[in-house]
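Participant: The structure is given below, and queries will be raised subsequently.
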Amino acid sequence: MSRLILASGSAIRRQILDGAGLDYEVIVRPVDEAAIKEAMLAENSRLHDIADALAEAKALRVSRQEPGLVIGADQIMVMDGTLFDKPKDLAEARERLLSMRGKKHELIGAVVICENGVPVWRHLCRTKLWVRDFSEDFLDQYIELEGEALTKSVGAYRFEGPGAQLFEKVEGGFFAILGLDLLPVLDYLRTRGMITT
């Protein structure tokens, strides 16, 4: 059976694959995400194309050197037409969360699977999330509880944890919000005989 490789250092993506009972390896070869985003924004690329290009770059980087199916994934956040990166520190995370209060934002996620240095499958998803009008007391408690974990996600929240309390509603899948839309990936792996049908 072919190897399955996750080309991501993300703890939550590993947790998703572990939870699904998949047998895989983690191999990460860094790519210059900032340069890719900058170049694509300068070309007025569509936002979902940016997420797709980042996921593909991560998978290709590993797939060119390792045999097997390599999963690359990326997610970007868009609010009021602006693309956001992960907050640099807790002060920026606080500012980000305050700016999101009472508003809708979108997470655009991409998963690309490569084999022998060529993309063989890709999937895009868009999730809409409405942040409730929370109090500053709640925000202070939340930041104290979560700490540096808030700098690890583009939205400054862990939806799978206390971050769920930030929201009044969402449209989209749970796994997509976490950064790896699992069910379509499992479907593709079944077509390839990687997991039992």
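Participant: Compute the helix-to-body angle for 182-191: its Cα long axis versus the longest principal axis of the chain, expressed 0 to 90° and rounded to tens.
Facilitator: Between the helix axis and the principal axis of the chain, the angle is about 10 degrees.
Participant: While we're on this one: Angle between the Cα long axis of helix 136-146 and the longest principal axis of the chain, 0 to 90 degrees, nearest 10?
Facilitator: Orientation of helix 136-146: about 40 degrees from the principal axis.
Participant: Return the whole-Å distance between the Cα centroid of region 134-149 and the Cα centroid of region 102-132.
Facilitator: Here the two parts' Cα centres lie 27 Å apart.
Participant: Now for a different question. How long is the gain from Q165 to K103 if the chain were fully straight, where each residue apart is worth 0.36 nm and the alpha carbon distance is subtracted?
Facilitator: 20.9 nm
Participant: Let me ask you something else. Based only on other Cβ atoms within 10 Å, what is the fewest-to-most ordering of S10, S2, S45?
Facilitator: Listing S10, S2, S45 from fewest to most nearby Cβ atoms yields S2, S45, S10.
Participant: Calculate the spin-label point distance for E95 paired with L145, positioning each point 7 Å from the Cα along the beta-carbon direction, and give it in nanometres.
Facilitator: Label at L145, label at E95, 2.5 nm between them.
Participant: Another question about this same structure. Treat the count of other C-beta atoms within 10 Å as a stand-in for reagent exposure and order V111, V28, V118, V62 from fewest to most.
Facilitator: Least to most surrounded, the residues fall as V118, V28, V62, V111.
Participant: Compute the angle between helix 47-63 and the longest alpha-carbon principal axis of the chain, please, reported from 0 to 90 degrees and rounded to the nearest 10.
Facilitator: 40
Participant: Provide the gained length on full extension for the span S2 to K152, in nm with one decimal, where the gain is 0.36 nm per separating residue minus the Cα-Cα distance.
Facilitator: Length gained between S2 and K152: 50.9 nm.
Participant: Any idea what the relative contact order of region 64-159 is, in percent, if you count C-alpha pairs under 8 Å spaced at least 6 apart?
Facilitator: Details: 151 pairs, mean separation 33.9, N = 96.
The normalised contact order for region 64-159 reaches 35 percent.
Participant: Under a Cβ-Cβ cut-off of 10 Å, what is the net charge of the residues other than L129 that fall near it, where Lys and Arg count +1 and Asp and Glu count -1?
Facilitator: +1
Participant: Read through the labelled values (i) 54, 15, 14; (ii) 36, 17, 14; (iii) 30, 19, 15 and report the label of the one computed as semi-axes √(5λ) of the Cα gyration tensor in Å from the structure.
Facilitator: (iii)
Participant: Fewest Cβ neighbours within 10 Å first, please rank W121, W130 accordingly.
Facilitator: Ascending number of Cβ neighbours within 10 Å: W130, W121.
Participant: Let's see if you can work this out: charge +1 on each Lys and Arg Cβ, -1 on each Asp and Glu Cβ, no other charges. What is the dipole magnitude of region 1-91 about its Cα centre, in debye to the nearest 20?
Facilitator: It comes to approximately 240 debye.
Participant: Got the relative contact order for the chain handy, in percent, Cα pairs under 8 Å and 6 or more residues apart?
Facilitator: Working: 353 pairs, mean separation 41.6, N = 197.
Value for the chain: 21 percent.
Participant: Also, I was wondering about something else. Express in nm, to one decimal, how much length is gained between D85 and E115 on full extension, taking 0.36 nm for each residue of separation and deducting their alpha carbon distance.
Facilitator: Fully extending the segment from D85 to E115 adds 7.9 nm.
Here, each number is a calculation from the coordinates, and none is a lab measurement. Only a predicted model underlies this, so the values are computations on that prediction, with no experimental measurement involved. Neighbour counts run over all protein chains shown; Cβ positions are idealised from the backbone, glycine included.
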